[in-house]
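The values are calculated or read from the model by the stated rules, or taken from the named source; none is laboratory data. These numbers were taken from a predicted model, which means no experiment stands behind them. Backbone-built Cβ (ideal geometry, glycine too); neighbour counts: all protein chains shown. Quick note on the areas: whole protein, heavy atoms, side chains included, nothing else; ligands and nucleic acids left out. Shrake-Rupley method; radii C 1.70, N 1.55, O 1.52, S 1.80 Å.
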Amino acid sequence: VKPGAFRKGLCAAAIALGRIPGLSRIGREGARLLAGSYKDRRFLGGLTGRPWISPRSQYLVRGEVRFGHDVFISDGCVVHAPEPDSVLAFGDRTTLWDGCLLQIGPGGRLAIGADCHLQPGCVITAFGRVEIGDQVQMAPRCALYPYSHDWSDGTRPIREQPIRSKGGIVIESDVWLGYGVVVLDGVRIGKGAVVGAGSVVTRDIPPGRVAAGVPARVIGSRGTTEPGPWT
Ligand SMILES: CC(C)(COP(=O)(O)OP(=O)(O)OC[C@H]1O[C@@H](n2cnc3c(N)ncnc32)[C@H](O)[C@@H]1OP(=O)(O)O)[C@@H](O)C(=O)NCCC(=O)NCCS
């Protein structure tokens, strides 16, 4: 449902009310309720020039953070970057739908480009580096893990051994990850690639290819391996 000017005005007023010290929660809850339900609320991201971070999400960033215009973080999301040396960036019009979890560890870096959509329940744990291009679509419950626990010392619990990263994850522009895709450390998914539902990506996928399975293998292409001019 496209919001009318009246509804937008009410929401903007509620957000403005929330800028008064002590009224932040009330103002943002008011805007959330007035905006409608679920995806109808998307316009809140572009309403004030600041990102919309739902009052029903948990947001803590102590490191560097950059927001483009019209960023929307929906209910139930957790954005947790407690370390001062972490870096987090969201491009213009990027959306996190309900229940996404973004966690950034010490020295971690997570950069998400413009016009990306993370559908409900996506998980990115950036203990390492994760770079996501523009117009990347992630279906529900995708997970990006740019690290593993070290388990090589069999005399000590895995819990006590360090985390290691082989260089992180790069997802280039215009990639579509189907439902429940898991992307592991050291992987680059090329421009315009498609990854089938339930796949586990352990190796690079070249641009414009369709890959699927566990482990993911190329099963086809989008008709051209040359990405379009929009990427
Ligand atoms: C990957 C995908 C896009 C491929 O679609 P397609 O080109 O029409 O592929 P086909 O159905 O012709 O399948 C081609 C082969 O790949 C296999 N395959 C397709 N998707 C697969 C998957 N997700 N995992 C494993 N194998 C898969 C098929 O079994 C078939 O194998 P076969 O030739 O041995 O029979 C599609 O199967 C898919 O997974 N879509 C994701 C849907 C989704 O998650 N939607 C969320 C909305 S945001």
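Listed values, structure above:
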read-out	value
Net charge dipole size for the chain [Lys, Arg +1 and Asp, Glu -1 on Cβ; Debye, nearest 20]	580
Hydrodynamic radius of the range 140-231 per Kirkwood, over alpha carbon pairs, in Å	14.0
The chain, relative contact order in percent, only Cα pairs under 8 angstrom and at least six apart counted	9
Full-extension gain in nm, residue 40 to residue 155, via 0.36 nm per residue minus C-alpha separation	36.0 nm
Within the range 113-189: Cβ-based charge dipole about Cα centre, in debye rounded to nearest 20 (Lys, Arg +1; Asp, Glu -1)	300
In range of the label at residue 59: residues from the range 27-47 whose backbone nitrogen is under 16 Å from the point 7 Å along Cα→Cβ	27-33, 41-47
Per-residue ³J(HN,Hα) for the range 190-200, Karplus 6.51 cos²θ - 1.76 cosθ + 1.60, θ = phi - 60°, Hz, x for Gly and Pro	x, 3, x, 6, 10, 10, x, 4, x, 7, 10
Alpha carbon convex hull of the chain, projected area averaged over orientations, nm²	14.2
Placed amide H near residue 174: partners under 5 Å, 5+ positions off or other chain	134, 135, 136, 192
Relative contact order, percent, the range 116-211 [alpha-carbon distance under 8 Å, six or more residues apart]	24
3J(HN,Hα) from dihedral phi, the range 149-165, Karplus parametrisation 6.51/-1.76/1.60, rounded to Hz, x for glycine, proline	6, 6, 10, 5, 8, x, 8, 10, x, 4, 3, 8, 9, x, 8, 10, 10
Reach of residue 8 by Cα under 15 Å, taken over aspartates and glutamates that are not fewer than 8 positions away in the same chain	29, 40, 70
Distance (nanometres) between label positions extended 7 Å along Cα→Cβ at residue 92 and residue 214	4.0
The chain: angle of helix 24-34 to the longest principal axis, Cα-based, in degrees nearest 10	90
The range 27-105 - accessible surface per residue (Å², probe 1.4 Å)	41
Approximate spin-label separation residue 137-residue 75, in nm, with each point projected 7 Å along Cα-to-Cβ	2.5
Interchain or long-range residues, amide H under 5 Å from residue 147's placed H	185
For the range 96-158 and the range 1-53, distance of Cα centres in Å	28
Portion, in percent, of the accessible area of the range 1-108 that falls on carbon or sulfur, probe 1.4 Å	58
